[in-house]
Amino acid sequence: MQLEDDKHDKAARQNDKTTKILSTGLLFVVLCGLSFYLGGIFCHEKNRFLGTEEVVKSTESPKKTISSSVQVKSVSFPQCSPDLQDYTPCTDPMRWMKYGRHRLTFMERHCPPAFDRKECLVPPPDGYKEPIRWPKSKNECWYRNVPYDWINKQKSNQHWLRKEGEKFYFPGGGTMFPNGVSAYVDLMQDLIPGMKDGTVRTAIDTGCGVASWGGDLLDRGILTTEFGGIYLLEVHRILRPGGFWVLSGPPVNYENRWRGWNTTIEEQKSDYEKLQDLLTSMCFKLYNKKDDIAVWQKATGDSCYKGLDAPDNYPPKCDDGTEPDSGWYTPLRPCVVVPDPKNKKSSLKVILKWPERLHVAPERVVDIRGGSDGAFKNDNSKWKSRVKHYKKLLPALGTDKIRNVMDMNTVYGGFAASLVEDPLWVMNVVSSYAPNTLPVVFDRGLIGTFHDWCEAFSTYPRTYDLLHVDGLFTTESHRCEMKYVLLEMDRILRPNGYVIIRESNYFVDTITTISKGMKWGCHKEATEDNVDNENVLICQKKLWYSNQSS
């Protein structure tokens, strides 16, 4: 019996040992497999962004980073169908019916999912010509570049534009300025003297047509951008304290105009009184009024906003914890955003006039992580040096060949500030994933917006003459595929337009190869201080026409 028990014990110990060996071996195999899987995901994601077959890692030393060559798979992008010549992916009318009609939700940004993205080059219209140069282009453009007769037919009675031969002409008329836009703005300046002395620098056109108003303001030193909505709560949010809201048209001057509005004088009087009551409850006051123009001013102090605490007040004061400066995919809220009392120097009453404000650090720079007066001055100095170098690499910069410019990932707007004396304007774009520096951009007297470059930008194809990129791919390479960013750049860039890309060698080599498939010609240049791990890539988009029938 003892012998049998010993045999059983020995067998049990042997089985236990075997089980442990098998368990250890299985665990080893699982760990190896998991390691291989995770490593594969990492490499795939990296290669997915770069579009590479083989990527050689950069070697780092304590002093500097040296990037070795990157072998990139060349790719040739097909042409999009000719009917996509005005394709705007995130505001595509062909996809509107997929979304609700409540408050015109279908007209908001709705970007296509990854599987529905178009990987093709948007063609120009047949007969597209190089745009007429500034300032002549303010008053005329080639018809073949925007070949839409319906614009001329539907707006002919408003004198927005007229078609003559091969061109559209913009005579400066409009619904509310039959005597021309200049006479209209002259009256507006009489009502708002701050438009004459640099107090008012930036403006927004809520309900823009062909930008006649904005074009006239440019001659008066005021930058404008366009905004399709006219929701007063959003107008209140984006206006700085002391800013002005101008309304021309119904119900202003209803006493003399009501007959032409297909309404009654009683109805228009009621509308005007309701509008006045609403604006007063939002801390606006009537600033001035004459003929067809009425001007309201947003309160500069905080006394008015204290009255919004009453429970029955409409609209109520916002107290939902949403960041007031949040402007990327933030729904319109049915409440009044109260200005931050600590930013008293951003009020129109206090802020420096143009152009003095351009090179002085705004008060709000300290709200940014790492922001300070010293950091602002260093950024200013850095961009003066860089832009001087860029003009040597791209002689067209600073001439009438380049008018519409975008800085795709700005910080303080330094690139734009260094070009302010040149005959161009710059749209400054702050990444929605970066610290919010947009208040600094606006306080300098520049214009800008938020954007996520993993999505399409809200503008038509062929908008910009020059796109500037500084470290965008290095900063956001982990978030989306490089080809989609480059294809979007190609979409919004005009034929024969330019691109300046400042990146690490690692990305410059990749972009150089991919750009060949987009019909770009690129050459690599050294930076102004000849650093080893960074280069400047100068590219030009070729003019080509679709070989497909429309």
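Values quoted throughout were computed directly from the atomic coordinates according to the rules given, and no laboratory measurement underlies them. Fair warning: this is a prediction, and the values are worked out from it, not measured in the lab. Note that we place each Cβ from the backbone using ideal geometry, even for glycine, and neighbour counts take in every protein chain shown.
Here are a few things to note about the model shown:
- Ranking of ARG95, ARG101 by count of other Cβ atoms within 10 Å, fewest first: ARG101, ARG95
- Length gained on full extension, LYS136 to SER270, computed as 0.36 nm times the residue gap minus the Cα-Cα distance: 43.8 nm.
- Prolate/oblate/rounded label for segment 407-498 (Cα gyration tensor, a/c 1.5): oblate
- 15 Å beta-carbon shell around ILE368, net charge (K/R +1, D/E -1): -3
- Note on TYR287 and TRP261: the model spin-label points, each 7 Å out from Cα along the C-beta direction, lie 2.2 nm apart.
- Residue order, fewest to most surrounding Cβ atoms within 10 angstrom, among PHE170, PHE415: PHE170, PHE415
- Each of LEU121, TRP142, LEU161 was scored by the projection of its Cα onto the charge dipole of segment 91-169, and the greatest displacement toward the positive side belongs to LEU161; charges sit on the C-beta of Lys, Arg, Asp and Glu.
- Spread of Cα-to-Cα distances over 10 Å intervals beginning at zero, given as percent, for segment 297-422: 10, 29, 29, 21, 10, 3, 0
- Summary value for segment 91-169: 20 percent relative contact order, contacts being C-alpha pairs under 8 angstrom separated by 6+ residues.
- Relative contact order of segment 283-409, pairs being alpha-carbon contacts under 8 Å that are 6 or more residues apart, as %: 11
- Both radii were evaluated on the Cα set of segment 91-169; the Rg over Rh quotient, with Rh as the Kirkwood radius, amounts to 1.09.
- Each residue in HIS102, HIS468 was given a count of other beta-carbon atoms within 10 angstrom of its own, and listing them fewest first yields HIS102, HIS468.
- Difference of contour (0.36 nm per residue) and Cα-Cα distance, HIS359 to ASP83: 94.8 nm
- Förster radius 22 Å - calculated FRET efficiency between MET107 and CYS454 (Cβ-Cβ, nearest 0.05): 0.50
- Theoretical FRET efficiency, 1/(1+(r/R0)^6), r = Cβ-Cβ of LYS542 and ASP312, R0 45 Å, to 0.05: 0.10
- Cα centroid of segment 377-405 to Cα centroid of segment 223-278, whole Å: 41
- Virtual spin-label span in nm between TYR169 and GLU528, 7 Å along Cα→Cβ: 4.4
- Formal net charge of residues neighbouring GLY242 (Cβ-Cβ distance under 10 Å; K, R +1; D, E -1): +3
- Distance between segment 324-338 and segment 496-541 - C-alpha centres, whole angstrom: 38
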